[in-house]
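The values are calculated or read from the model by the stated rules, or taken from the named source; none is laboratory data. The shown structure was predicted, so the numbers you read here are calculated from the model rather than taken from an experiment. Cβ atoms come from the backbone with ideal geometry, glycine included; neighbour counts cover every protein chain shown. Ligands, DNA and RNA are stripped out before the accessible areas are found, and what is left, the full protein with its side chains, is counted by its heavy atoms. Shrake-Rupley method; radii C 1.70, N 1.55, O 1.52, S 1.80 Å.
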Amino acid sequence: MKYIAFIGTGMVCQSAMFTSSFEAMYSAFSRMHVQRTWDAIINAPISLDDVMFAEWIWAASKAVMSTAGDSRRDRMALGFGHSWLALWILPLGFLVGLTFGAFGLVMNALAPSYDFFTYFFTLVLTPVLLLSGVFFPCRSQCRRRCRR
């Protein structure tokens, strides 16, 4: 596998991770504290659980949109991913969005201000990105490549 193909697929997944985390933290915090949109919604016959579920699904949906855009870029500009199997990236983007959107909403519930989110980005998302193998292949792939 070419390195550009390796890094392209990793960047699609990390884009879903950052998009859903950012949406569940900063945007949801703005709707909750600054704009007071959640207060207005809860005045209707809707519970806080419904609002949280909608925020969670919205964060995952934005991750799917980001994933679709990045995978389209990979197909057009980089020239790979022309198989029908590439469509499986959309459900994967949704699952990644659900996972990191949930983490983002937990951090949103704990946050007293916007500054609190830098802890999550610095202590969780950055190590996950750097240690997940997005940029560097694992050792077994390197060994197979070196034997050729």
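With coordinates expressed along the principal axes, the C-alpha atoms belonging to the chain extend over 65, 33, 22 Å, beginning with the largest. Relative to the longest principal axis of the Cα atoms of the chain, the long axis of helix 48-73 lies at roughly 30 degrees. Potential lengthening of the chain between residue 123 and residue 4 amounts to 40.1 nm, from the contour at 0.36 nm per residue minus the alpha-carbon distance. With contacts taken as Cα pairs under 8 Å at a separation of at least 6 residues, the chain carries a relative contact order of 38 percent. Report the full-extension gain for the segment residue 115 to residue 65: residue separation times 0.36 nm, less the Cα-Cα distance, to one decimal in nm. Once the chain is fully extended between residue 115 and residue 65, it gains 15.3 nm.
With R₀ fixed at 41 Å, the C-beta to C-beta distance from residue 48 to residue 72 puts the FRET efficiency at about 0.65. When a 1.4 Å probe is rolled over the protein heavy atoms, the share of accessible surface on the chain that falls to carbon and sulfur comes to 69 percent.
Sequentially through segment 102-108, phi angles give Karplus couplings (6.51, -1.76, 1.60; θ = phi - 60°) of 5, 4, x, 5, 5, 5, 4 Hz, Gly and Pro residues having no value and appearing as x. Among 119, 114, the order of accessible area from largest down is 119, 114, computed with a 1.4 Å probe on protein heavy atoms. Computing FRET efficiency as 1/(1 + (r/R0)^6) for residue 11 and residue 37, where r is the C-beta to C-beta distance and R0 is 41 Å, gives about 0.80. Label-to-label distance for residue 88 and residue 106 is 2.8 nm, based on points extended 7 Å past Cα in the beta-carbon direction.
Run the 1.4 Å probe and let me know the accessible area of residue 72, rounded to the nearest 10 Å². Accessible area, nearest 10 Å²: 140 Å². Ligands, DNA and RNA are left out, and with a 1.4 angstrom probe the accessible area of the chain is 63 Å² per residue. Taking amide H atoms as placed 1.01 Å from N in the peptide plane, the amide H of residue 135 has no partner under 5 Å among residues 5 or more positions away or on other chains.
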